[in-house]
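Please read the structure below before turning to the comments.
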Amino acid sequence: MGVYKKALLTLFLFLGMSHVNAAACDNTLKVDYQNRAKNITYSYTYNDSNNTFNLLFTNITDSLYLIDMENMQEYRNQGEITMGNVLPGKSYRYGVFTSDQNPCSSSSIYYIYVTLPFYNPYYNDSLCDGISSYKYCRKFINKSISYEEFTENVNEYRDNLNSEDTKEVVDEETLLEKVFDYITSFYTNYYFIILPVIIIISIVIIIRQNKKDSLF
């Protein structure tokens, strides 16, 4: 076989194999991998000893693996993957790739974005007694704060709560006063009508009651 024929045959075989691989990795298969990637979930736990988090990814099928896009480290465990010493207050991007043993090998199909909160060292402070649901009294917050900033915000929050409580009491007392004043004013202005009506109604009730008693 001549050199040209061998070259043409090699080129034909190469193109044929490329066509087969491209056909095997079609859009339907890519969508299937993307749906699997979207089912991957994550959770985190905090390490008090070194102020870091552990990230746990679950629902990872055997056809997928993760890459930390910051340092390009690969994680190929099936089922679940644990990443330790993850820093708080940072955002991370993890790429989901198809494994080498499938038609769409090493293809990037999805990204998982993770933003970790900051640990709040003041959440157990006595200033937080009774207001643990306030944002700066929680164990994890969305920013790093100093103790001065913490006390300033918590005291301001408490002052606002006290102001609202006082306003509610004042409003309630004001409403009761208005109702009482209205009733008093109405009776004072129309007592010459109201009083005779009350007397007449009372007499009618007494007469009817006496008639009922006489029947028995």
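The values are calculated or read from the model by the stated rules, or taken from the named source; none is laboratory data. Since the model is a prediction, treat every value here as computed from it, not as a measurement. Methodologically, a virtual Cβ is constructed for each residue, glycine included, from the backbone with ideal geometry; neighbour enumeration extends over all protein chains shown.
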Quiz item: In the stretch 65-123, which strands (runs of 3 or more DSSP E) lie fully inside it and hold 3 or more residues that are touching a residue at least 24 places away in the same chain (Cβ under 8 Å), in contact with a strand residue (DSSP E or B) (Cβ under 9 Å, 6 or more places away or on another chain) and of a type in the set (Phe, Trp, Tyr)?
Solution: 91-98
Quiz item: Does at least one position in the stretch 37-46 carry a residue that is among the small types (Gly, Ala, Ser), at pLDDT 90 or above and over 13 Å from residue 96 (Cβ atoms)?
Solution: yes
